[in-house]
1. Looking at the stretch 175-203 only, could you name the residues that are within 16 Å of ligand 1 (Cβ to nearest atom) and either of a type in the set (S, T, N, Q) or crowded, with 24+ Cβ neighbours inside 10 Å (or both)?
2. I'd like to check something: does the stretch 129-139 contain any residue that is within 16 Å of ligand 2 (Cβ to nearest atom) and modelled with pLDDT of 95 or more?
3. Please tell me if Val52 is in a strand (DSSP E or B), buried (at least 17 other Cβ atoms within 10 Å of the Cβ), more than 8 Å from ligand 1 (Cβ to nearest atom) and modelled with pLDDT of 95 or more.
4. If you check every pair at least six apart or on different chains, which have Cβ atoms under 6 Å apart with a residue in the stretch 209-228 that is at positive phi first and a residue that is away from ligand 1 (no atom under 11 Å from the Cβ) and of a type outside the set (S, T, N, Q) second?
5. For the stretch 210-236: of the residues being within 13 Å of ligand 1 (Cβ to nearest atom) and of a type in the set (Gly, Ala, Ser), which is farthest from Phe176 (Cα to Cα)?
6. Here's a check for you: in the stretch 88-102, which residue that is within 11 Å of ligand 1 (Cβ to nearest atom) and not β-branched (Val, Ile, Thr) is farthest from Ala367 (Cα to Cα)?
7. What is the residue count in the stretch 226-258 for residues that are among the polar types (S, T, N, Q) and farther than 13 Å from His149 by Cα?
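The values are calculated or read from the model by the stated rules, or taken from the named source; none is laboratory data. From a predicted model like this one, the values you see are computed outputs, not experimental measurements. For neighbour counting, all protein chains shown are included, and Cβ atoms are generated from backbone atoms with ideal geometry for every residue, glycine included.
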Amino acid sequence: MKKIAVLGSTGSIGTQTLEVVRSLGMSVCALAAHSNIDLLEKQAREFKPQLVAAFDLHAAKDLRIRLKDTGIKVVQGMEGLCEAATIPQADLILNAVVGMVGLKPTLQAIAANKDVALANKETLVAGGQLVMDAVRQRRIQLIPVDSEHSAIFQCLQAADPKELNKILLTASGGPFFGKKAEELKNVTPQMALKHPNWKMGAKVTIDSATMMNKGLEMMEAGWLFHVPASMIEVVIHRESIVHSMVEFQDHAILAQMGVTDMRLPIQYALTYPKRVEGPVEELSLTDVGKLTFYPPDEKTFTCLHACKVAMDRGGLAPAAANGANEAAVSLFLQGKIGFLQIGELVTAALEEQKDVPSSTLDEILAADQAARQFVLEKAGQHF
Ligand code: NDP
Ligand code: MG
């Protein structure tokens, strides 16, 4: 049985990962989160890892006192997160932190020869080239957790990836499917946080409402499966039963289906290449009855369009789009900007970013910071 470290263990993916870990009887050697020490303490007492990391310094200090009787080492900051990502006992690192903060620990985990199960899509969006180069160099397994990418990965097990014609990336369309910009002007965070099919963390839920999530996922798929934007077709599929599809050169299409439950792709990432019984329910296709598919509306959902542009441009453009989006989503959740401004700010930040031939980690981090700063300044004019 593999030993696992879970980064972002207190979040939506992190807690579902621990449910799967519990049902599989796997052992956990490290846990990491930002500051939710009530849950971190509970998880640490149940799973008895060697190490727990809290990114926030004050939270780590408190947690150290709380876990004194257990002998568990408590570490902090980015250094602590990276220590959890490289802990010698782990075979597999499941990275489910939210945002670009996951890039460094992913790179360090790979450098330490760990297999990585990746939910943290922002890592690949911003640092795809670095991550994929490191994966090739170290020959580790990078296993997708994102449901669409897990679906594509599963479909590709059945074939030679060279025979791939295109990827059909499904999207639920979020809570505002079918709406036009005029109708989205007054959307509040509360309205955008109501996803029709999935219960997820706040950031990815807003990304789903703006369709930035699908744009980020296009870039994620581009790196994972070595395909350009022109080989990825986004298809709106309201029922979220077909998790994505691949089309081969003979035009045969394979789909992976299942109930809308993230524990399925999480479990596959943990047991790959094996499949075992788990907590996920059976899908009854006759209960579902009907599966529908529509084209996306890029004119209204400008974030999706911006991501396609960023993907075609490559270099630092994806890091800029992602950084701008992280900053804009945070401002939207604080009630400081409107819903439509997220797309406007991502588009504007992308225009601001210059094209460069190569991108080092420092350049990526600088582009990310510059995009965030640009968004804060530009949005500040409207506060
Ligand atoms: P949540 O907001 O629910 O959880 C985020 C987790 O990351 C929490 O454990 C949080 O800790 C931790 N975290 C945040 N910042 C830091 C930091 N600086 N250092 C260490 N830990 C940190 O997010 P989700 O679980 O929804 O999403 C996680 C990732 O998975 C995202 O990239 C998302 O796009 C992706 N994803 C999510 C899906 C879902 O169904 N939720 C589906 C597919 C992909 P704390 O609780 O202490 O703040
Ligand atoms: Mg997804």
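1. The answer is Ala192, Asn197.
2. The answer is no; no qualifying residue exists.
3. Taking the combined requirement at face value, the residue satisfies it.
4. That search, which allows pairs on different chains as well, returns Met211/Phe301; Met211/Cys303; Met211/Leu304.
5. Ranking the qualifying residues of the stretch 210-236, first place goes to Ala221.
6. Step by step, filter the stretch 88-102, then rank; the result is Leu94.
7. The number of residues fulfilling the criteria is 3.
Here's the yes/no breakdown for (1) part of a helix (DSSP H, G or I); (2) more than 19 Å from the chain's Cα centre (by Cα):
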{"residue": "Leu270", "(1), (2)": "yes, no"}
{"residue": "Lys274", "(1), (2)": "no, yes"}
{"residue": "Glu281", "(1), (2)": "no, yes"}
{"residue": "Leu304", "(1), (2)": "yes, no"}
{"residue": "Val309", "(1), (2)": "yes, yes"}
{"residue": "Glu326", "(1), (2)": "yes, no"}
